[in-house]
Amino acid sequence: MTQRHPTASDSPYANYSPVDPAVRANPYPYYAWLRQHAPVKYVAAMNAYAVSRHEDVRTVLLDHVRFSSDPLIQIAFSEYNPAPAARYLISSDPPEHSRMRALVNKAFSKRGLTEMRPEIERTVGRLLDAIGEAREFEFIEAFASPLPVSVVADILGIETERHADFRRWSNNVTAGGDDSRMSEAQRARMHQDTRDFRAYMLDKIDTVRRQPQDNLISDLVRAEEGGERLTADEVLAMCVLLLIAGNETTTSLLANALICLREFPEQEALIRADRALIPAFVDESLRYLSPIQLLFRRATRDTEVAGVQIPKDAIVMPMYASANHDETVFAEPARLNVQRTDLRKHVAFGWGVHMCLGKALSRLEGAIALNALFDRYPRLDITVPAYDWCDAFYLRSPKRLPVRRG
Ligand code: HEM
């Protein structure tokens, strides 16, 4: 009897699905297998084509004619979305996307980063002061989660006394779809919050329309491109998108940065000895442990990527985190190295027309936060042996990160 030799498809990695608990525990060996054996693979559990190589991910992201962003509407929309009728920048395609992006870019880039720096430094200082002398604290709850919400609230011009409400509203929106474990009373409270959020924001939009202020909502209301303006609902949707896109990702950046330092203590020593390496570390940690692991596109026609046929209307998953470990682009991808020369090729912020609007802001937040953490704590040790990763399969971020100061 002839013995069958194991083939690549016998590998446990061949059954990749982003929702599989084994993949959630560590997706990187799966990505490596996919890149080598099935760079474009139909994943039945998702009814989608996983695209894992750097070159192919870039091809998908750069070609908005063949690959539409419209499936992202399901991610952007949750039941607790205060602007359900409005179109979202992230799920629209050119030319509509270009019009919205130009309007938002104008408003967003007007708030120069130099102007934002002192505000962010103050917020970081305030959060660390509140932690005070506690020897142990939960890093996400005390620092990594409130920081980006406060920064966005300040940029939008939310009054300080409404920041606590704003954080709750924001958490509701970003909590997204999964409310299955909530009681009826909790759901009712969330719906009430959504109505309050909408009412507060529409009132604010109306006020600044009559009496412009120096904040992003005012700029969005006034922004005009080719005679076009955003409607009140579009302004509200834009604010909601800034929350969805900017909060969990930046929380994840900060938490994942601590995980990187734990895994590579010699890199931490290097960075602490030369703080000028911090910006490179922010990007290298985004490459090494990307907050957004994958997202979605829809094939607008029968097409092909890397020789694999993809039918019209099929869902395609560009896998940013896999592209960021592609050994044909990054030398020793599984090693964190703040001195690597190929760093700027990472796609943690995406690529093409949808490339992250807040990338400069999150790089700045990351650098300010890490500098302040290094200043305050000669050591900051994670006290759990393993991480409970967040439920959203397209994100990679620990739910909790208990730490002890040294
Ligand atoms: C480390 C933190 C962040 C990461 C890793 C990240 C990642 C990304 C990625 C991968 C995309 C592209 C989505 C696609 O290809 O469809 C994106 C888009 C976007 N991001 Fe970020 N982001 C971060 C922080 C922020 C912040 C702080 C903001 C704003 C406050 C923001 C606002 C946006 C917006 C509005 C878009 C949509 C742009 C468009 O569709 O034209 N992001 N982000």
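Couple of notes before you dig in:
- Inter-residue pairs, beta-carbon under 7 Å, first hydroxyl-bearing (Ser, Thr, Tyr) and in the range 121-149, second exposed (fewer than 12 other Cβ atoms within 10 Å of the Cβ) and in a helix (DSSP H, G or I), 6+ apart: none
- Search result, residues across the range 66-75 that are within 14 Å of the ligand (Cβ to nearest atom) and at pLDDT 80 or above: 67, 68, 69, 70, 71, 72
- When the criteria are applied in full, residue 360 fails the requirement of being touching a residue at least 12 places away in the same chain (Cβ under 8 Å), among the small types (Gly, Ala, Ser), in contact with a Leu (Cβ under 7 Å, 6 or more places away or on another chain) and more than 28 Å from residue 71 (Cβ to Cβ).
- Only one of the numbered conditions (1) within 14 Å of the ligand (Cβ to nearest atom); (2) crowded, with 21+ Cβ neighbours inside 10 Å; (3) more than 30 Å from residue 323 (Cα to Cα) is not met by residue 215, and that is (2).
- Filtered by the rule that a residue be of a type outside the set (A, V, I, L, M, F, W, C) and within 10 Å of the ligand (Cβ to nearest atom), the range 95-114 gives 97, 98, 101, 105.
- Residue match in the range 219-229 (condition: part of a helix (DSSP H, G or I), within 22 Å of residue 96 (Cβ to Cβ) and within 16 Å of the ligand (Cβ to nearest atom)): yes
- Hey, residue 374 within 16 Å of the ligand (Cβ to nearest atom) and either out of contact with any strand residue (DSSP E or B) (no Cβ under 7 Å at 6 or more places or on another chain) or free of Cβ contacts under 8 Å to residues at least 60 places away in the same chain (or both) or not: no
- Residue check for residue 45: of a type in the set (A, V, I, L, M, F, W, C), within 16 Å of the ligand (Cβ to nearest atom) and outside any helix (DSSP H, G or I): no
- Filter result for residue 301 (surrounded by fewer than 16 Cβ atoms within 10 Å (Cβ to Cβ) and within 23 Å of the chain's Cα centre (by Cα)): no
- Being under 19 Å from the mean Cα position of the chain (by Cα), assigned to a helix (DSSP H, G or I), near the ligand (Cβ under 8 Å from one of its atoms) and of a type in the set (Asp, Glu) is a description that applies to residue 365.
- The criterion of at least 2 residues that are among the polar types (S, T, N, Q) and closer than 26 Å to residue 355 by Cβ is met, among helices (runs of 4 or more DSSP H) falling completely within the range 83-183, by 96-110, 113-131, 163-175.
- Evaluated against (1) modelled with pLDDT of 95 or more; (2) over 30 Å from residue 106 (Cα atoms), residue 390 falls short on exactly one condition, (1).
- Number of residues in the range 83-116 that are surrounded by fewer than 14 Cβ atoms within 10 Å (Cβ to Cβ) and basic (Lys, Arg) equals 1.
- Odd one out for residue 384, checked against (1) in a loop (DSSP other than H, G, I, E, B); (2) more than 18 Å from residue 262 (Cα to Cα); (3) hydrophobic (A, V, I, L, M, F, W, C): (2)
- Filtering 349, 330, 296 for residues that are more than 16 Å from the ligand (Cβ to nearest atom), surrounded by 20 or more Cβ atoms within 10 Å (Cβ to Cβ) and either free of Cβ contacts under 8 Å to residues at least 60 places away in the same chain or within 24 Å of the chain's Cα centre (by Cα) (or both) leaves a single hit, 330.
Residue-wise test of (1) modelled with pLDDT under 95; (2) touching an Asp or Glu at 6+ places or on another chain (Cβ under 9 Å); (3) acidic (Asp, Glu); (4) within 30 Å of residue 229 (Cβ to Cβ).
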{"residue": "8", "(1), (2), (3), (4)": "yes, no, no, no"}
{"residue": "13", "(1), (2), (3), (4)": "yes, no, no, no"}
{"residue": "16", "(1), (2), (3), (4)": "no, no, no, no"}
{"residue": "19", "(1), (2), (3), (4)": "yes, no, no, no"}
{"residue": "30", "(1), (2), (3), (4)": "no, yes, no, no"}
{"residue": "55", "(1), (2), (3), (4)": "no, yes, yes, no"}
{"residue": "58", "(1), (2), (3), (4)": "no, no, no, no"}
{"residue": "77", "(1), (2), (3), (4)": "yes, no, no, yes"}
{"residue": "87", "(1), (2), (3), (4)": "yes, yes, no, yes"}
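The values are calculated or read from the model by the stated rules, or taken from the named source; none is laboratory data. Here the structure is a predicted model, which means the values were calculated and not measured. Backbone-built Cβ (ideal geometry, glycine too); neighbour counts: all protein chains shown.
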